[in-house]
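Heads up, the thing below is written out as structure tokens.
The values are calculated or read from the model by the stated rules, or taken from the named source; none is laboratory data. These figures come from a predicted structure and were not determined experimentally. Positions of Cβ are generated from backbone atoms using ideal geometry, with glycine treated the same way; all protein chains shown enter the neighbour counts.
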Amino acid sequence: MHKPHLRMFAMLATAGSLASCNFAPEYRQPPSTVSQNFVQRPEGQRLATEIGWREFFGDPRLQAHIAAALANNRDLAQSVARIEQARARYRITEADRLPQLNGSAGGTRTRNPLNSLGFGDSLGGGGGEQPSAIEFTQYNVGVAVSSFEIDFWGRLRNLSDAARARFLATVEAERTFRLSLVSQVAATYIAIRSGEERIALAAQTLEARREGLRIATRRADAGVTSNVDLDQAALLLTQAETEIAELRRTTDQSRNLLAVLTGGPIAGDLPAGRPLADAGQFAAIDAGLPSQLLANRPDIIAAEYQLRAANADIGAARAAFFPNISLTGSLGFASPVLGNLVQGDSQSWSFGGALNLPIFDWGRREAQVQVSRAVADELTAAYQRTVQEAFREVSDALVGRQRYAEQLAAQERAVAAQARLARTARLRYDNGISIYLEVLDAERSLFAARQQLLALRAAQLQNAVSLYVALGGGLQERVTAPPGVAASTPQ
């Protein structure tokens, strides 16, 4: 390569390597304002992030629903598309830091009348035929760098860093949505299973009360009991009928919601589900330490990436106060003869530079710096609020894990005691010791206690799901970053 070529491209490479200044403030992770430990009852030896959702959820039918939701949910598809948008924006800003090389080739043929050039009849001396026009032919080929900004002050680098941080924040936001989707599917599925078991209980109770009403009718017709006992038996029946209608309504609505979450009906036969009382519903997990939430919760990681992006924006805004220096250059060949186009004598080149120095803009750049700082302050508060909310969610779920266990144990004792009372009330009534109102109250209380027990079991399971998600849950499916972009936790 000829020396002019080397000089031009060496100049561009050297100018690019000089971009070393950075006016972004040094990033510091905001201080945490939460306790250093959770108040918890030990359970399990592994962190939630070490347990994938397929391992955590023991119900095979629930696993099938979660897999379908992660594959087909339309809101999740939008979230993935937002990742691709952020990925492309990052690539655009990264490309702006490098010289853009454009190639060109062309040819022209021009004819100019002599009169238009001012020669008149002055050409030619003798009596020969005079030309009426001059014709030109020109061919050219070359490459050019147009307006390459030398990033002395780190403006382009900070813009690229901000775009990268926002891209990674979008990836973490998508992880947050996936966890939320898993939680929604699990909660909806548990509500359906709870509804089915409560409907089954109500159906059994309904049959028993229909038989009780039939017996009460026969006894009233025979004059053994009064119509008051008959009406009370009818009240017990209507209570069960009302309850089962309400349960069917809410359960069917939950099925409709689950179909939306999973992206539509699931093809094929589903495996059998586990009963609510099954001990293998979920894997046991350890809550760990509050400080681990900063590295495990995708919403916290996303909030920190957004804060890093705002920090880089400050650097880009500060760099606007300094001169903008750009270079241009071209290298090519030009010749009137196509066959001689790429010969040494046909070579052409040019390079140059421009400097744009801001002088007075009525405070616009200063205001932009203030905006960037205010955004960073806002995102700092948002980050700390996210950390506080994460700590609260985990603490609530840990409290729920302990208190639901205590409440369930007490409710099981209450159901057993209520069942004994109902049997005693029935025996007392059959032996003429008490009135039917005592039976009515006892059986109504027993039915409500059993329904409450099933509702508590469902609430305990949903609390376990909430704890898994609040701790950052483990997901097998992860969105990958583009080459050279680490998607790890901010350091």
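For (1) hydroxyl-bearing (Ser, Thr, Tyr); (2) free of Cβ contacts under 8 Å to residues at least 60 places away in the same chain, each residue gets a yes or a no:
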| site | (1), (2) |
| --- | --- |
| PHE177 | no, no |
| VAL185 | no, no |
| TYR189 | yes, no |
| ARG198 | no, no |
| LEU206 | no, yes |
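When the range 72-105 is examined, which residues are found to be among the aliphatic types (A, V, I, L, M), touching a residue at least 40 places away in the same chain (Cβ under 8 Å) and more than 10 Å from GLU174 (Cβ to Cβ)? Full working, then the answer.
Taking the range 72-105 as the starting set, the residues that turn out to be among the aliphatic types (A, V, I, L, M) are 76-77, 80-81, 83, 86, 88, 92, 95, 98, 101, 105.
Next, from what is left, pick out any that are touching a residue at least 40 places away in the same chain (Cβ under 8 Å): 76, 80, 83, 86, 92, 98, 101.
ILE92, LEU98, LEU101 - these are the residues of the range 72-105 that are among the aliphatic types (A, V, I, L, M), touching a residue at least 40 places away in the same chain (Cβ under 8 Å) and more than 10 Å from GLU174 (Cβ to Cβ).
From the list ALA409, ALA334, ALA414, ALA425, the lone residue that is of a type in the set (A, V, I, L, M, F, W, C) and within 30 Å of SER35 (Cβ to Cβ) is ALA409. Looking at this structure, is THR217 of a type in the set (Ser, Thr, Tyr), in contact with a Ser or Thr (Cβ under 7 Å, 6 or more places away or on another chain) and either surrounded by 21 or more Cβ atoms within 10 Å (Cβ to Cβ) or on the phi < 0 side of the Ramachandran plot (or both)? Against the criterion (of a type in the set (Ser, Thr, Tyr), in contact with a Ser or Thr (Cβ under 7 Å, 6 or more places away or on another chain) and either surrounded by 21 or more Cβ atoms within 10 Å (Cβ to Cβ) or on the phi < 0 side of the Ramachandran plot (or both)), THR217 does not qualify. The conditions of being free of Cβ contacts under 8 Å to residues at least 60 places away in the same chain and more than 28 Å from ASN158 (Cα to Cα) are met by LEU247. Scanning the range 30-41 for any residue that is in contact with a strand residue (DSSP E or B) (Cβ under 8 Å, 6 or more places away or on another chain), more than 30 Å from GLY329 (Cα to Cα) and modelled with pLDDT of 75 or more turns up nothing.
Quick test for you: out of ALA382, ALA419, pick the one residue that is without any contact (Cβ under 8 Å) to a residue 40 or more places away in the chain and of a type outside the set (Val, Ile, Thr). On inspection, the qualifying residue turns out to be ALA419.
Check the range 249-260 and report whether any residue there is buried (at least 20 other Cβ atoms within 10 Å of the Cβ) and either β-branched (Val, Ile, Thr) or out of contact with any Ser or Thr (no Cβ under 8 Å at 6 or more places or on another chain) (or both). No: the range 249-260 contains no residue that is buried (at least 20 other Cβ atoms within 10 Å of the Cβ) and either β-branched (Val, Ile, Thr) or out of contact with any Ser or Thr (no Cβ under 8 Å at 6 or more places or on another chain) (or both). Reported count of residues in the range 325-340, each being under 30 Å from CYS21 (Cβ atoms) and at pLDDT below 75, is 0.
ALA64 meets each of the listed conditions (1) at pLDDT below 85; (2) outside any loop (DSSP other than H, G, I, E, B) apart from (1). Restricted to the range 376-397, and to residues there that are under 19 Å from the mean Cα position of the chain (by Cα), of a type in the set (A, V, I, L, M) and within 15 Å of GLN306 (Cβ to Cβ), the residue that is surrounded by the most Cβ atoms within 10 Å (Cβ to Cβ) is VAL387.
Yes/no matrix, rows are residues, columns are (1) surrounded by fewer than 20 Cβ atoms within 10 Å (Cβ to Cβ); (2) more than 20 Å from ALA64 (Cβ to Cβ); (3) more than 11 Å from the chain's Cα centre (by Cα):
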| residue | (1), (2), (3) |
| --- | --- |
| LEU159 | no, yes, yes |
| ARG164 | no, yes, yes |
| VAL171 | no, yes, no |
| LEU179 | no, no, no |
| TYR189 | no, no, yes |
| GLY195 | no, no, yes |
| ALA200 | yes, yes, yes |
| GLU211 | yes, yes, yes |
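Exactly one residue among ALA334, ALA284, ALA354, ALA367 is of a type in the set (A, V, I, L, M), in a helix (DSSP H, G or I) and either on the phi < 0 side of the Ramachandran plot or loosely packed, with under 13 Cβ neighbours inside 10 Å (or both), and that residue is ALA367.
All conditions but one from (1) of a type in the set (A, V, I, L, M); (2) in contact (Cβ under 8 Å) with a residue 12 or more places away in the chain; (3) part of a helix (DSSP H, G or I) apply to LEU270; the one that does not is (3). Regarding the range 420-436, can at least one residue be identified that is exposed (fewer than 14 other Cβ atoms within 10 Å of the Cβ), charged (D, E, K, R), at pLDDT 90 or above and more than 19 Å from SER180 (Cβ to Cβ)? For the range 420-436, residues exposed (fewer than 14 other Cβ atoms within 10 Å of the Cβ), charged (D, E, K, R), at pLDDT 90 or above and more than 19 Å from SER180 (Cβ to Cβ): present.
Applying the condition of being at pLDDT below 80 and in a helix (DSSP H, G or I) to the range 93-105 and asking which residue is surrounded by the most Cβ atoms within 10 Å (Cβ to Cβ) yields GLU94.
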